[in-house]
Amino acid sequence: MQDRLKNIIRDFGVPRLIILCFLLLLFILAPFVGADLPTQFTNLFNRFSWNAVLVLAMVPMIHSGCGLNFGLPFGIIAGLLGGTISIELGFTGAMSFVMAIAFATPFAIIFGFLYGVLLNHIKGGEMMVATYVGFSAVSFMCMMWLLLPYHSPTMVWGYEGKGLRTTISLEGFYDKVLSRFLEIRIGNLVFPTGAILFFVLLSFLMWCFLKTKTGTAMTAVGSNPIFAKASGVNVDKIRTLSVIMSTWLAAIGILIYEQGFGFIQLYMAPFNMALPAVSAILIGGATVNKASIANVVIGTLLFQGIVTMTPTVMNSMIHMDMSEVIRIIVSNGMILYALTRKNDDRRGA
Amino acid sequence: MDNYVIEMKNIKKSYYGTTVLHDISLKLKSGEIVGLVGENGAGKSTLMNILFGDEVISSTGGYEGEILIDGKLATIKSSFDALNLGIGMVHQEFSLIPGFTTTENILFNREPTRGSLVSNVFGERLNTLDRKRMNDIATEAIDKVGVKIDKDMLVSSMPVGHKQFTEIAREISKDNLKVLILDEPTAVLTEKEATTMLSSIKSLASRGIAIIFISHRLNEILDICNRVVVIRDGFVVKDSDIKEITVEEITKQMIGREVGDRKKSSRNVSNKNVIMSIKNLYVDMAGENVKNLSLDIYDGEILGIGGLAGQGKLGIPNGIMGLYDAEGEVIYKNEKIDITSPMNTLSKDIAFVSEDRRGVGLLLDESLEWNISFLTMQVKNKFLKKLLKFISFRNKDEIKSVTDHYIDALNIKCTSSKQKARELSGGNQQKVCLAKAFAMQPKFLFVSEPTRGIDVGAKALVLDALKVYNEQHNTTIVMISSEIEELRQICDRIAIVSDGKIAGICDATESVEKFGALMIGAKV
């Protein structure tokens, strides 16, 4: 009996269990500290819809054995380029979103390809190198945002007439284009149907892909690259493909994030996007070389649940802003836990 | 009446349920040199590891039987025990510190020391080294070995031969040394160095040290040993005075008792159509290099490739399958194969069962279904069902049925076709590897060490499965194995690889001595 309980806990993962209990506790406490539950759920759904695609972007690279995509900023930059070019060229409303995706795609493919080629040269050290390469790309773009010839008055600094602002409002462009689509309102509870449906669509495509011959090869490459090679799979090609997919999803992910959030954030903003996505998928139960769509959904819900619930509940209890501290502890702690678990898996049986 | 320095009585040892040593007894008088021979995996190293107290032994449950040193029962639990009892060992791989000089290596951790002011206060660990005495001891030890080595030379800048001599000097500088184990001491030496080595071994023996000498070079054994002990499959099969034995007899004992026991193969592969012709093959596979090898393989036969470890037999399939860098011409059915990528070879319906089951052969963390269907899916686009024009999914039903078919046909013991490959035993994992290759319905099959590390029952089943597959599908099979006896059981012809080349090809009914001689490269 005790063994069975232990097994259940081990399968579910101790950190996930702690986070789940913590989140449940927050929901139970919420009414007592005067927080409105429907509003809380609305927040959670919203944040889920903003972030889920960024978390989904982790999946292909985990499957192909490239590890967690700490190089997420690459894709995010592609997305930012797509968004800003779309606005620059004067597209508005829903069309600006479609065009943002269209412009982001070639960038994502090129960046993803280069990033993939790089990762093929550093097999075994992907995650560490990716982190730093991602950071360098962000810093490089800090210069480029100033130098690229953008002129749209909604985006450039007012006093000089050139160089992009750090934060660009999307009002009139693609602000909430997806969230408002088929939106459901019941009192204080708002459900961003369109954004969620878009995530479901991408997840479905990913699920389909993983069932094809190439998708199967990708999983096998991640599970045992030498086995895959001996079975006639071009390992480097599959890995590059997975990186391109991850990068493209990250580009789409940031556009979805922006439409929900209502602003484009440039300069150092992409810097901090990778870690929450990485820890979300880990909380969802993925390991360094296994991940499923379910991991994405569960992980994003748990992670964003903590992020939205802690400020309201904790702040009204202890009158101090603890949310940021807890978010950092959870995300970094989760990554650390996953990296130590990596060796455990290998040692197994 | 007899004064044995060391006596090993009824030694038994098993690893994880597989018995490696069944009943080994070995006695040595002082000053005696005993040659210990046996095929790879016969149990030589395990026996020596027991004697030298290697960690592997105690961590896998110790050994059974008795070891007597000078007639007294001794327990050897670690290498320290062995050293204290006067047992020294020179390993095949050098255990020297590259950045230290000869002297420092010889006396490492046994340095004569002098007290100093500091050590009076803080204890013996802070004594200073007595360099002069160290030099004296080292010089004496080197002289005993009978070679000229610079005692101040760094090990990192030494030729291999000198490293070997340094190891021996280290062992004999120990005052209490009674038994010295030499594991293939001449393997890395040039002929001249080997001769020096052999004479210094003799002179050591004349000082009363008992020596256990392990070597694959039988001529050396005949040259210097007093007695030879042959081990096979964990038993001592021959213990004879050197004067009463010949090279032929030793090889025969090494390889198997059942000489001529083999049934003449009922079918005659009379058609000599060459299906694959290998010309001037070079393969760069560490430890198994193939150097300028040429070989013709006939349609429908089972060809065995044997030879000692490290001679290059494993490099042949790995090179042709494109898993290691290879160069040379491989002509299959009158077509040249580009052997730079696995897909080129696989797409010609040539499959490969790797010797590295866990590393190359299996997806340990995936289900049996995946393991068995993946190769065929990738190479032949099978087990897929079309959904739309461009998209096709894995066909679950087909995959399950093919997996169940092979689970049944090869008697794979598992809970279901969904079980992970990691959870299976070695023998069953090997069957999965075979099923994977069979599922591709190859016309030509390389099988590398199919019975390595699996028990007798599974062995028979695997060999039988290969034979049946060959007969039913007329598939040409090339089987690479270190066990000559196993090759003789199922092959039509056997090629022996030595030093990266084919040393000779014989009919499988040929005498065991002949294969043994080819393997060792001795001129009989």
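The values are calculated or read from the model by the stated rules, or taken from the named source; none is laboratory data. Since the model is a prediction, treat every value here as computed from it, not as a measurement. We place every Cβ from the backbone using ideal geometry, glycine too, and count neighbours over all the protein chains shown.
Restricting to the range B:75-114, count the residues that are outside any loop (DSSP other than H, G, I, E, B) and of a type outside the set (S, T, N, Q).
Keep residues of the range B:75-114 that are outside any loop (DSSP other than H, G, I, E, B), which gives B:79-84, B:87-90, B:101-106, B:113-114.
The next check asks that each one be of a type outside the set (S, T, N, Q); those that pass are B:80-83, B:87-90, B:104, B:106, B:114.
Within the range B:75-114, residues that are outside any loop (DSSP other than H, G, I, E, B) and of a type outside the set (S, T, N, Q) number 11.
Has the range A:238-248 got any residue that is free of Cβ contacts under 8 Å to residues at least 60 places away in the same chain and in contact with a Leu (Cβ under 7 Å, 6 or more places away or on another chain)?
The answer is no; no qualifying residue exists.
Could you please find all residues in the range B:216-238 being in a strand (DSSP E or B) and either in the same structural domain as B:VAL512 (by TED's automatic domain parsing) or touching a residue at least 24 places away in the same chain (Cβ under 8 Å) (or both)?
Filtering the range B:216-238 for residues in a strand (DSSP E or B) gives B:227-232, B:235-238.
B:ARG227, B:VAL228, B:VAL229, B:VAL230, B:ILE231, B:ARG232, B:PHE235, B:VAL236 - these are the residues of the range B:216-238 that are in a strand (DSSP E or B) and either in the same structural domain as B:VAL512 (by TED's automatic domain parsing) or touching a residue at least 24 places away in the same chain (Cβ under 8 Å) (or both).
For the range B:176-217, residues that are in contact with an Asp or Glu (Cβ under 8 Å, 6 or more places away or on another chain) and of a type in the set (Gly, Ala, Ser) total 4. In this structure, does A:THR240 turn out to be at the interface with chain B (Cβ under 10 Å from one of its Cβ atoms) and not aromatic (Phe, Trp, Tyr)? So A:THR240 does not fit the description; no. Over 29 Å from A:SER231 (Cβ atoms), at pLDDT 85 or above and either more than 14 Å from chain A (Cβ to nearest Cβ) or touching a Cys at 6+ places or on another chain (Cβ under 7 Å) (or both) - does that describe any residue in the range B:277-296? There is at least one residue in the range B:277-296 that is over 29 Å from A:SER231 (Cβ atoms), at pLDDT 85 or above and either more than 14 Å from chain A (Cβ to nearest Cβ) or touching a Cys at 6+ places or on another chain (Cβ under 7 Å) (or both).
Taking the options A:ALA280, A:ALA294, name whichever one is of a type in the set (Gly, Ala, Ser), surrounded by 19 or more Cβ atoms within 10 Å (Cβ to Cβ) and assigned to a helix (DSSP H, G or I). Let's see the steps before the verdict.
On the way: A:ALA294 fails: surrounded by 19 or more Cβ atoms within 10 Å (Cβ to Cβ).
Going through A:ALA280, A:ALA294 in turn, just one is of a type in the set (Gly, Ala, Ser), surrounded by 19 or more Cβ atoms within 10 Å (Cβ to Cβ) and assigned to a helix (DSSP H, G or I): A:ALA280.
Taking the condition closer than 30 Å to B:THR251 by Cβ, away from chain A (no Cβ under 12 Å) and in a helix (DSSP H, G or I), does B:GLY304 pass? Step through it out loud before you land on a result.
Details: closer than 30 Å to B:THR251 by Cβ: yes; away from chain A (no Cβ under 12 Å): yes; in a helix (DSSP H, G or I): no.
Considered against the rule, which asks whether it is closer than 30 Å to B:THR251 by Cβ, away from chain A (no Cβ under 12 Å) and in a helix (DSSP H, G or I), B:GLY304 comes out as no.
Per-residue answers, yes or no, for (1) part of a loop (DSSP other than H, G, I, E, B); (2) assigned by TED's automatic domain parsing to the domain that holds B:THR46:
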{"position": "B:VAL147", "(1), (2)": "yes, no"}
{"position": "B:LYS151", "(1), (2)": "yes, no"}
{"position": "B:GLN164", "(1), (2)": "no, no"}
{"position": "B:LEU182", "(1), (2)": "no, yes"}
{"position": "B:ALA194", "(1), (2)": "no, yes"}
{"position": "B:MET197", "(1), (2)": "no, yes"}
{"position": "B:SER200", "(1), (2)": "no, yes"}
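The criterion of at least 1 residues that are at pLDDT below 90 and facing chain A (nearest Cβ under 9 Å) is met by the following strands (runs of 3 or more DSSP E) wholly inside the range B:351-458: B:384-386, B:392-394. Only one of the numbered conditions (1) in contact (Cβ under 8 Å) with a residue 60 or more places away in the chain; (2) in contact with a strand residue (DSSP E or B) (Cβ under 7 Å, 6 or more places away or on another chain) is not met by B:GLU66, and that is (1).
Restricting attention to the range B:328-343, the residues being in contact (Cβ under 8 Å) with a residue 12 or more places away in the chain and either in contact with a Pro (Cβ under 9 Å, 6 or more places away or on another chain) or closer than 22 Å to B:LYS291 by Cα (or both) number 10. Filtered by the rule that a residue be more than 14 Å from chain B (Cβ to nearest Cβ) and either touching a residue at least 24 places away in the same chain (Cβ under 8 Å) or surrounded by 18 or more Cβ atoms within 10 Å (Cβ to Cβ) (or both), the range A:195-229 gives A:ALA195, A:ILE196, A:PHE198, A:PHE199, A:LEU202, A:SER203. Output the residue which, of all residues in the range A:259-274 that are surrounded by fewer than 24 Cβ atoms within 10 Å (Cβ to Cβ) and assigned to a helix (DSSP H, G or I), is farthest from the other protein chains (Cβ to nearest Cβ). Within the range A:259-274, the match that is farthest from the other protein chains (Cβ to nearest Cβ) is A:ALA269.
Given the condition of a type in the set (Asp, Glu) and either farther than 20 Å from A:GLN265 by Cβ or touching a His at 6+ places or on another chain (Cβ under 7 Å) (or both), answer yes or no: does some residue in the range A:173-193 qualify? For the range A:173-193, residues of a type in the set (Asp, Glu) and either farther than 20 Å from A:GLN265 by Cβ or touching a His at 6+ places or on another chain (Cβ under 7 Å) (or both): present.
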